[in-house]
Amino acid sequence: MPTFEITTASADDIEMLGEWAHAEGWNPGRTDGQAFFATDPRGFLIGRLDGAPVSSVSVVRYGSGFGFLGFYLTRPELRGQGYGIQVWRAGMDRLAGRNVGLDGVVAQQANYRKSGFRSAWTNMRWVGRPAPDIGVPPGITLVDARSLPFDRLAVYDRRFFPAERDSFLAPWIAAPGRTALAAFGDDGELQGFAVMRPCRTSSRIGPLHASSPEVAAALMSALSATAPDTEIAVDVPGINPAAVTLAEQLGLAPSFETARMYTGPMPDVDHTGLFGVTSLELG
């Protein structure tokens, strides 16, 4: 009889998960794994059949009361044999007692509901190239976010995420090939923050936080201008209608749908300033 066991992932396994995600058409960032692994090294589970990895789930803990689930995958040729649900159960056990979030693909949403998740909103990935000459709104200045004291970015990011995530955010903005911009108002207050990362196909922007559609557009345009040979993609949350309207106005095209789901109440965050989800795997 084959032997199936569940282990925590190694750093090499995290890179493998990126390739699995790419095969599913999710277009993960080329260096996402560095930030993922640093956030919660024990939060990635691998199901192994006779030692070979065949299934996975990420169950990352944030703070004391929140968790995020992603990378729920089974090798295509072995689906339907119970290897996925076993890592799922182990992962949910690790997040027991927490409000758990995920971004679920359409095909799995019914299964997630059976496991106690409820839909909060729909994310749509919009892809294309915004105009390179979108002006910065009056009174706004864009700067390299990595030049700012990290505490300022972390406090600002916390407005848009259910828990503190410093151990994720620090490597997320510092990984190779990334561009991070912050928008400041004349009063010295942060008015926006965005990160663009190279991916297998289009470059992806996330997070995209902004005080207005005009600030969000300026950030997207400036980031896109740093990678003129590739399209950009943003996972836009439908709970912010202004973000959806902006994607349409910029001429981007919808391409990939997921649903943000929670086991508990929808967290109280600033959805009006959330123009782009950071990561479908870690929230």
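Once you have a ≥ b ≥ c as the square roots of the Cα gyration tensor eigenvalues for segment 173-283, tell me rounded if a/c is under 1.5, and otherwise prolate or oblate according to whether a/b is larger than b/c. Here segment 173-283 falls in the rounded category. Once both labels are positioned 7 Å from their Cα atoms along Cα-to-Cβ, the gap between Glu189 and Trp121 label points is 2.1 nm. Ligands, DNA and RNA left out, the 1.4 Å accessible surface of segment 208-283 is 54% carbon and sulfur atoms.
May I ask you to list the chymotrypsin sites (Phe, Trp or Tyr not before Pro) in segment 55-103 that are in a DSSP loop and have at most 12 other Cβ atoms within 10 Å of their Cβ? Spell out each step's value before the answer.
Numbers: sites: Tyr62, Phe66, Phe68, Phe71, Tyr72, Tyr83, Trp88; in loops: none.
Nothing satisfies the criteria.
A compact globular protein would have a Cα radius of gyration near 2.2 N^0.38 Å; the ratio found for segment 99-160 is 1.74. Surface composition of segment 1-156: carbon plus sulfur atoms contribute 51% of the solvent-accessible area (1.4 Å probe, protein chains only, all chains present). By DSSP, the beta bridges lying fully in segment 145-283 are antiparallel in about 80 percent of cases. Once the chain from Ala227 to Ala90 is taken as fully extended at 0.36 nm per residue, the excess over their C-alpha distance is 45.3 nm.
Over all pairs of different C-alpha atoms in the chain, the reciprocal of the mean inverse distance, the Kirkwood hydrodynamic radius, equals 19.2 Å.
Applying 0.36 nm per residue to the separation of Thr7 and Asp133 and subtracting their alpha-carbon distance, the gain on full extension is 40.4 nm. Modelled label positions at His22 and Gln81, each set 7 Å beyond Cα in the direction of Cβ, lie 2.5 nm from each other. Taking the Cα centre of segment 209-283 as origin and assigning +1 to Lys and Arg Cβ atoms and -1 to Asp and Glu Cβ atoms, the resulting dipole is close to 100 debye. For the chain, a simple Cβ point-charge model (Lys and Arg +1, Asp and Glu -1, everything else neutral) yields a dipole of about 740 debye relative to the Cα centre. Rolling a 1.4 Å probe over the heavy atoms of the protein chains gives the chain an accessible area of 41 Å² per residue. Amide H to amide H, with H built 1.01 Å from N, Ile239 comes under 5 Å of Thr122, counting only residues 5 or more places away or on other chains.
The values are calculated or read from the model by the stated rules, or taken from the named source; none is laboratory data. On a predicted model such as this, the values are computed, not experimentally measured, just so you know. Positions of Cβ are generated from backbone atoms using ideal geometry, with glycine treated the same way; all protein chains shown enter the neighbour counts. Only protein heavy atoms, including side chains, enter the accessible area calculation; ligands, DNA and RNA are left aside. Shrake-Rupley method; radii C 1.70, N 1.55, O 1.52, S 1.80 Å.
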